[in-house]
1. Kindly evaluate Tyr123 against the criterion of being free of Cβ contacts under 8 Å to residues at least 12 places away in the same chain, surrounded by fewer than 24 Cβ atoms within 10 Å (Cβ to Cβ) and over 27 Å from Phe205 (Cβ atoms).
2. Test Ala166 against the criterion of being crowded, with 22+ Cβ neighbours inside 10 Å, closer than 26 Å to Ile33 by Cβ and within 21 Å of the chain's Cα centre (by Cα), and give yes or no.
3. Of the residues Arg190, Arg160, Arg145, which is over 27 Å from Asn264 (Cβ atoms), touching a residue at least 60 places away in the same chain (Cβ under 8 Å) and over 16 Å from the mean Cα position of the chain (by Cα)?
4. Checking Ile280 against (1) β-branched (Val, Ile, Thr); (2) at pLDDT below 95; (3) crowded, with 20+ Cβ neighbours inside 10 Å, only one condition comes out false. Which one?
5. Quick check: is even one residue across the stretch 94-106 within 25 Å of Asp188 (Cβ to Cβ) and either at pLDDT 95 or above or β-branched (Val, Ile, Thr) (or both)?
6. If I filter the stretch 82-92 for residues that are closer than 20 Å to Ala305 by Cα, in contact with a Ser or Thr (Cβ under 9 Å, 6 or more places away or on another chain) and at pLDDT 95 or above, do I get at least one hit?
7. Go through (1) over 26 Å from Asp204 (Cβ atoms); (2) touching a residue at least 24 places away in the same chain (Cβ under 8 Å) and name the single condition Pro88 misses.
8. Being buried (at least 19 other Cβ atoms within 10 Å of the Cβ) and polar (S, T, N, Q) is the filter here; which residues of the stretch 30-75 pass it?
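The values are calculated or read from the model by the stated rules, or taken from the named source; none is laboratory data. Note that the coordinates shown come from a computational prediction; the quantities given were computed from them, not determined experimentally. Virtual Cβ from ideal backbone geometry, glycine too; neighbours counted across all protein chains shown.
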Amino acid sequence: MLTRREFLKIAALSVALSDFPAIASQNNHNGRIKITVVGDVTLGFNFPPPQMKDLDYPFERVREIFHAADLSFANLEGALTTRGVRLPKRFNFRGDSKYAACLRISGMDVVSLANNHTMDFGYVGLQDTIDALKSQGISYTGAGRNEQEARKPAIIVNDRKIGFLAYSEIGPYSVFAAPNKPGAARIDLRHVAEDVEKLKEQADFVLVSYHWGIEGKNYPTERQKTIGRETINAGADVVLGHHPHVLQGIEEYKSGLIAYSLGNFCFGGNSNPSDKDSIILRIYLNGRSVQDYDAVPVKITSREAPFQPRPLEGREAKRVLERLQRYSKGI
């Protein structure tokens, strides 16, 4: 694991040294498992833009980064369906089921459905989303026909078994699963500890995704920090956060890693966000622990290429990395 001092020192060197400017160590990553993770992906609402001519469009400029990894993860916000009854709320996200192929083409392997938009078009919308993901060979976790299904992990078999769990604390209440009700898994640290313990018996590494925090805030709440650290204490290796729609810091805690908010990525929920900075976080696993990580800075959307993240270079990359350093140091 990198120490905080090494993390900050290496960041200053990375813009010149990396093919994709990143907060990165210069270690040789051969033989390790490399996981790429990103934040909020919404393939609906304002998506697709007129510029989109084929299903390759959304991740065209970052596809090579995903394909270079052993597996990739995102938070999928919104239903992939043309059916269902709109849940009464301010924003409802829905895209055609065919857009699941955008994820497959990009190299995405697993997504979280534990968020406040997964039930935007009811159980029919959730089931269509699950069916669309399955049709493209994409695993999911964090939602289902009932609480038991929503808490079921996704296990990806690579050189080793990588397990994912996902939970949300962002409402409304109607989005959450219950023993006899479909929906998203709700954050309950007792359940999380039970689920992590069970998953550790089946998988070599455990990653837990949380939909939490306050929109627009670049620093985690005390509750986020408590939940994140208790999740590592329970045996998880990595905690991945989203919902604030902006970047928050990365914390090394004990032998684990907590990314409090990965920001937006391909986010059709906002055609022109004021903050267009984000990252692709790359995590390197070896033995029984996280050994390293780096961050590829990206711009998530632009006038000429809406909802198409692209890696940043030079001064723009350095600026985003400095923001991430500042947020990480402030935790």
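1. Details: free of Cβ contacts under 8 Å to residues at least 12 places away in the same chain: no; surrounded by fewer than 24 Cβ atoms within 10 Å (Cβ to Cβ): yes; over 27 Å from Phe205 (Cβ atoms): yes.
When the stated conditions are applied, Tyr123 does not pass them.
2. Details: crowded, with 22+ Cβ neighbours inside 10 Å: yes; closer than 26 Å to Ile33 by Cβ: yes; within 21 Å of the chain's Cα centre (by Cα): yes.
In short, yes.
3. It is Arg160.
4. (2)
5. First, pick out the residues of the stretch 94-106 that are within 25 Å of Asp188 (Cβ to Cβ): none.
Within the stretch 94-106, none of the residues are within 25 Å of Asp188 (Cβ to Cβ) and either at pLDDT 95 or above or β-branched (Val, Ile, Thr) (or both).
6. Keep residues of the stretch 82-92 that are closer than 20 Å to Ala305 by Cα, which gives none.
Among the residues of the stretch 82-92, not one is closer than 20 Å to Ala305 by Cα, in contact with a Ser or Thr (Cβ under 9 Å, 6 or more places away or on another chain) and at pLDDT 95 or above, which makes the answer no.
7. (2)
8. Thr36, Thr42, Ser72, Asn75
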